[in-house]
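Some notes on the structure that comes next.
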Amino acid sequence: FVLVYDTPGELLVSACQTLDPARDWPQIEATLAQGMAQWRQYHEALLAFYLRHTRRCLLVQRQQVRHAPDQFLALLQDRTTAPWSSPPPAMVSDTDTATGAKDSSARLLTRWVADAVTDHFPAARQLYEELQLSASLPHGTAPGTDRHALWQVWRDLGEQLHQGTRQRQEIARQADQISQLTEQQLAQAQHLATTEAASLEQLACLS
């Protein structure tokens with residue numbers, strides 16, 4: 001049996017993609033607590049099954065299988081007679097191939113926030129650590145987003161916010177210019193109206 005486990009943070013990432021903040025926000029805490037309880041229930045059963053049948057099972061972390069398929073295949077070859085010498089096509093996601101490292105900034109930040117939120121669920125954190133210690137193929141690093149990638153996203157976000165600030169300042173400047181031009185046009189119109197009225201009075205006097 002190949003038993004695949006995942007981080008509790010990934011559960012929250014998936015939840016964030018399906019939640020409608022306007023509709024679901026009042027129940028967000030209960031929704032996340034329910035999802036985390038389901039995550040624990042599934043992974044507790046997964047770990048218990050693995051510990052009872054360790055010789056017949058592989059316990060692998062989902063992300064690590066994708067990042068290190070050769071290690072995964074080596075583990076399979078030790079347990080089976082399958083003649084695999086390279087990752088099977090099913091292990092290479094079309095999305096991963098098309099986008100490469102193009103994990104969206106929104107998803108990276110969401111994952112970072114999700115990992116921070118899991119700190120409020122210590123039982124889930126502890127269970128994940130137990131899975132890591134018992135796994136045949138644990139995650140290569142601590143759960144969470146790569147710090148360098150996250151720093152790049154943070155820097156890009158800062159630049160976007162800075163550009164947004166500059167754009168708002170430019171819009172405000174242009175709005176001031178439009179307001180000034182409007183006032184000038186009104187003043188000119190009033191001046192023309194006054195001049196025209198004075199001219200009409202002069203013509204009336206001459207006639």
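The values are calculated or read from the model by the stated rules, or taken from the named source; none is laboratory data. All values reported here derive from a predicted model rather than from experimental measurement. Note: ideal-geometry Cβ built from the backbone for every residue, glycine included; neighbour counts use all protein chains shown. Note: areas computed on protein heavy atoms with side chains; ligands, DNA, RNA excluded. Shrake-Rupley method; radii C 1.70, N 1.55, O 1.52, S 1.80 Å.
Numerical summary
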read-out	value
The range 32-53 residues that are open to solvent by less than 30 Å² (accessible area, probe 1.4 Å), paired with ones that are polar (S, T, N, Q) (beta carbon under 9 Å, 6 or more apart)	Gly35/Ser14; Met36/Thr118; Leu47/Ser134; Tyr50/Ser134; Tyr50/Ser136
Close pairs from the range 68-81: first basic (Lys, Arg), partner part of a helix (DSSP H, G or I) and open to solvent by 30 Å² or more (accessible area, probe 1.4 Å), Cβ under 9 Å, at least 6 apart	Arg79/Arg55; Arg79/Arg56
